[in-house]
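Working notes for the structure below.
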Amino acid sequence: MESHSPTHTVWKNDLYRMQLDAPVPLPVLCTDIHLEIPSYLGRDYHGDISHIKAANLLNLQPNGAYLVRKSRSANGHFYTLSLKFNDKIHHYKLYYDPASGLYIREKRYDCVRSLVADGLVTMYLELKAPVFLQRLPTVNYQESPYMTLNKRKLQTLTKERAKYSLCARNIFPAQNLQVNDVEKYEKSHVFKITTFKGLNWCELCGNFLWGFSAQGVKCEDCGLIAHGRCSEKFPNDCIPDLKYLRGVFGIELTTLLTAHNATLPFVVTKCVTEVEARGLTSEGIYRLSGFAEEIDAIKMAFDRDGEKADLSQDKYPNINVITGALKLYLRLLPIPLITFLVHPLLIDAMQHKNLDLKISSIRHALFSLPKQHYATLQYMVEHLNRVSLHAAINKMNSHNLATVFAPTLIGPAEITSSVLPDMTTDILLIETLITHCGKIFNCSH
């Protein structure tokens with residue numbers, strides 16, 4: 001960063017140097033060898049002593065000295081951590097959870113020493129650099145030293161997505177889609193609090209992630225790292241990276257397709273291709289279930305081998321195993337193909353008695369779907385329409401298919417009582433999509 005930059009004073013290693021200057025934890029050990037000590041505490045536990053005695057033990061010690069004592073008013077629900085910092089004695093409620101360890105607020109630790117070390121760093125920074133910390137989330141993301149790399153990734157993604165402009169126009173003809181619409185990319189980051197090993201820096205402000213536990217957040221889709229408060233400033237420019245995705249089942253559709261630079265999920269296209277090659281005349285197709293073990297094997301193959309997964313008849317002669325894997329993939333989508341926001345719009349559209357008005361309203365509601373959801377839904381509905389054309393043989397007309405796919409494409413209905421939810425309208429909706437897919441999606445068959 002050049003010295004004349006308005007943010008030159010922000011991107012420095014000040015926080016790292018300050019962490020090195022912070023006091024270190026100095027346990028005051030108990031001399032009572034007969035004291036019963038809980039297994040998750042150490043010799044810094046002093047049992048039932050008053051805050052006055054704790055202060056007397058700590059006053060002669062340097063900053064960073066600490067001890068743990070029993071809290072007389074806690075009824076065993078928590079202990080008290082007494083700590084000397086900035087020449088003053090501080091007392092904190094110390095909790096223990098057998099599943100996650102010791103904690104004072106949201107962070108969890110394996111031992112008291114780690115907790116104190118992390119707390120001393122945070123307290124020291126808040127004491128020495130409060131103005132500095134307040135400035136972190138105010139940094140201009142466009143001026144970040146990491147932005148150059150991100151711009152390159154965005155430019156590459158934009159060029160690749162532009163290749164699909166013609167395809168997108170065919171999918172969204174009624175929206176008069178322009179090339180710029182295809183090139184525009186927007187996806188929010190999926191941040192999760194993370195404990196980092198080694199030295200790490202925030203990709204917004206460029207400053208050190210201080211502490212020893214839960215120092216910041218990391219995007220689960222692209223791996224971007226930031227301070228918790230800085231993460232609130234990032235625009236919706238997450239570029240999913242395949243190395244951060246755990247397989248393909250259960251991955252949000254937009255994230256998966258962006259990471260694979262694809263317009264349709266390969267699980268869907270490969271399964272549909274196999275069904276249309278050898279299952280259109282199979283009686284009870286999509287209604288009959290395959291063996292769960294084989295469906296799990298297909299799932300594992302997709303997660304492991306991706307598009308190279310083998311679905312051939314030699315490998316899986318029972319076509320119902322393929323359809324079972326496809327339905328499982330759609331059920332496991334975190335956001336259903338027909339999203340939670342669009343579903344009520346479609347239910348409203350179904351209330352129209354006039355068929356032309358109903359179809360027009362359905363088409364308009366579907367335009368609110370994310371492009372990836374719209375394209376995949378269209379692909380699936382057109383496929384189900386072709387399946388229904390063989391109903392005389394496979395016994396699966398549009399109504400039967402809709403009965404199977406309503407909870408799969410829309411998501412399971414919320415059960416608020418012992419009475420099963422009424423799926424009648426949802427089934428009629430999917431049946432309408434299948435029967436009138438040519439008009440709804442402006443395609444011919």
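The values are calculated or read from the model by the stated rules, or taken from the named source; none is laboratory data. Please read these numbers as outputs of a predicted model, since none were measured by experiment. Here Cβ is always computed from backbone atoms with ideal geometry, including for glycine, and neighbour counts include all displayed protein chains. Side chains are part of the model used for accessible areas, which takes the heavy atoms of the whole protein and leaves out ligands, DNA and RNA. Shrake-Rupley method; radii C 1.70, N 1.55, O 1.52, S 1.80 Å.
Relative contact order of segment 304-445, please, whole-number percent, based on alpha carbon pairs below 8 angstrom and at least 6 residues apart. Display every interim value, and only then the final one.
Working: 120 pairs, mean separation 37.3, N = 142.
For segment 304-445, the relative contact order is 26 percent.
Describe numerically, in nm with one decimal, the distance between label points set 7 Å from Cα along Cα→Cβ at residue 293 and at residue 21.
Placing both labels 7 Å beyond Cα along the Cβ direction yields 6.6 nm.
Can you compute the label reach from residue 40? Point 7 Å from Cα along the Cβ direction, backbone N cut-off under 18 Å, restricted to segment 68-100.
68-72, 74-82, 92-100
Farthest toward the dipole's positive end in segment 13-134, which of 75, 25, 124, given Cβ charges of +1 (Lys, Arg) and -1 (Asp, Glu) about the Cα centre?
The listed residue farthest towards the positive side: 75.
Of the lysine pairs in segment 13-134, how many meet both conditions: Cα atoms under 23 Å apart, and a spacing of 8 or more in sequence or different chains?
Lysine pairs satisfying the spacing and distance rule in segment 13-134 number 14.
State to the nearest 20 debye the size of the charge dipole of segment 18-73 about its Cα centre, where the only charges are +1 on K and R beta carbons and -1 on D and E beta carbons.
Numbers: 5 positive and 5 negative charges, 34 e Å.
In debye, rounded to 20, segment 18-73 gives about 160.
Which shape class, rounded, prolate or oblate, goes with segment 188-242 when its Cα gyration tensor gives a ≥ b ≥ c as root eigenvalues, a/c under 1.5 marks rounded, and past that a/b bigger than b/c marks prolate? Show your work: numbers first, answer last.
Details: a/c = 1.95, a/b = 1.49, b/c = 1.31.
Taking the square roots of the gyration eigenvalues as a ≥ b ≥ c, segment 188-242 is prolate.
With a 1.4 Å probe and every protein chain left in place, tell me how much accessible area residue 371 has, in Å² to the nearest 10.
Counting only protein heavy atoms, residue 371 exposes about 90 Å² to solvent.
So how do 77, 91 rank on accessible area, 1.4 Å probe, biggest first, that is with the largest at the start? Intermediate values should be presented prior to the final figure.
Working: 77 135, 91 80 Å².
The most accessible residue leads, giving 77, 91.
Percent of accessible area on segment 13-134 owned by carbon and sulfur, 1.4 Å probe?
51
How large is the accessible surface of residue 203 in square angstrom, using a 1.4 angstrom probe and rounding to the nearest 10?
50
Please name which of 198, 320, 248 has its Cα lying farthest along the dipole of segment 182-331 towards the positive end, using unit charges on Cβ (Lys, Arg +1; Asp, Glu -1) and the Cα centre as origin.
So the residue furthest toward the plus end is 198.
With the contact rule set at Cα under 8 Å and sequence spacing of 6 or more, what percent relative contact order holds for segment 13-134?
Working: 178 pairs, mean separation 28.3, N = 122.
Relative contact order comes out at 23 percent.
Pop out the ³J(HN,Hα) list for segment 193-202 in order, Karplus 6.51 cos²θ - 1.76 cosθ + 1.60 with θ = phi - 60°, rounded to Hz; leave Gly and Pro as x.
4, 9, 9, 9, 9, x, 8, 9, 10, 5
Could you pull out every one of the aspartates and glutamates with an alpha carbon less than 20 Å from that of residue 395, ignoring same-chain neighbours closer than 8 positions?
Correct list for residue 395: 274, 276, 283, 382, 431.
Could you calculate the contour length gain from residue 113 to residue 305, that is, 0.36 nm times the residue separation minus the distance between their Cα atoms, to one decimal place in nm? Display every interim value, and only then the final one.
Numbers: separation 192, 0.36 × 192 = 69.12 nm, distance 4.44 nm.
Using 0.36 nm per residue and subtracting the Cα-Cα distance, I get 64.7 nm.
Using heavy-atom solvent-accessible surface (probe 1.4 Å) with all chains present, what is the largest-first order of 225, 298? All intermediate terms of the calculation are to be shown ahead of the outcome.
On the way: 225 20, 298 0 Å².
Descending order: 225, 298.
Amide H neighbours of residue 237 under 5 Å, counting only residues 5+ apart in sequence or on other chains, H built in-plane at 1.01 Å?
187, 189
Describe numerically, in nm with one decimal, the distance between label points set 7 Å from Cα along Cα→Cβ at residue 425 and at residue 341.
That separation, rounded to one decimal, is 2.0 nm.
On the full set of protein chains, 1.4 Å probe, figure out the accessible area of residue 258 and give it in Å² to the nearest 10.
Taking all protein chains as shown, residue 258 has close to 10 Å².
Taking R0 as 35 Å, what's the FRET efficiency between residue 129 and residue 232 from their Cβ-Cβ distance, rounded to 0.05? Could the numbers behind the result be given before it?
Values: r = 20 Å, r/R0 = 0.56.
E(calc), rounded to 0.05, equals 0.95.
Can you figure out the FRET efficiency of residue 33 with residue 55, using R₀ = 25 Å and their beta-carbon distance, to the nearest 0.05? Could the numbers behind the result be given before it?
On the way: r = 24 Å, r/R0 = 0.94.
FRET efficiency, residue 33 to residue 55: 0.60.
What percent does the relative contact order of segment 202-322 come to when contacts are Cα pairs within less than 8 Å and at least six residues apart?
So the answer I get is 20 percent.
If you build the Cα gyration tensor of segment 13-134 and take the root of 5 times each eigenvalue, what three semi-axes come out, in whole angstrom, biggest first? The partial results should precede the final answer.
Numbers: eigenvalues 132, 56, 31 Å².
They are 26, 17, 12 Å, listed largest first.
Figure the gain on full extension for residue 188 and residue 87 (residue separation times 0.36 nm, minus the Cα-Cα span) and round it to one decimal in nm. Don't jump to the answer; show the numbers that get you there.
Values: separation 101, 0.36 × 101 = 36.36 nm, distance 4.45 nm.
Going from the current span to full extension adds 31.9 nm.
Report the charge-dipole magnitude of segment 13-134 in Debye, nearest 20, computed about the Cα centre from +1 at each Lys and Arg Cβ and -1 at each Asp and Glu Cβ.
On the way: 14 positive and 12 negative charges, 43 e Å.
It comes to approximately 200 debye.
Test of understanding: what is the full-extension gain from residue 357 to residue 332, defined as 0.36 nm times their sequence separation minus their Cα-Cα distance? Spell out each step's value before the answer.
On the way: separation 25, 0.36 × 25 = 9.00 nm, distance 3.29 nm.
Contour length minus the Cα-Cα distance gives 5.7 nm.
For 304, 43, 69, give me the order by solvent-accessible area with a 1.4 Å probe, most accessible first, ignoring ligands, DNA and RNA.
Values: 304 160, 43 95, 69 20 Å².
Ranked from most to least accessible, the order is 304, 43, 69.
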